[in-house]
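Student: Take this structure, written in structure tokens, and hold onto it; I'll ask about it next.
What follows is calculated from the coordinates using simple rules that are stated; it is not laboratory data. The model shown is predicted, which means the values in this text are computed figures rather than measured ones. Heads up, the Cβs are rebuilt from the backbone with ideal geometry, glycines too, and the neighbour counts pull from every protein chain shown.
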Amino acid sequence: MVGLRTPAALRAAGHLRAVGFYSLGLLVLILTAFIRVLDSIAAFAAAREWRVVAVTAAVLAVMPVSIVVGAA
């Protein structure tokens, strides 16, 4: 995320620095994907589509790993 962690991005945005806004924008986009996957798990579980729940849960498990590996 442009080299800034969330607290540093918040401080930078608070000081009206562009890099802070860029970092927070990326964070919002990433969180949107996580929320979408969590919502899908809930919807498929309510519909009792257990295979799809399992696949979607696997996708959810891979997402943080990809972020950590991508940040390295």
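Student: Just to be sure before I move on: is Arg48 at positive phi and either hydrophobic (A, V, I, L, M, F, W, C) or surrounded by fewer than 13 Cβ atoms within 10 Å (Cβ to Cβ) (or both) in the structure I sent?
Tutor: yes
Student: Here's another thing I want to ask about it. Does the range 13-31 contain any residue that is touching a Phe, Trp or Tyr at 6+ places or on another chain (Cβ under 8 Å) and surrounded by 13 or more Cβ atoms within 10 Å (Cβ to Cβ)?
Tutor: yes
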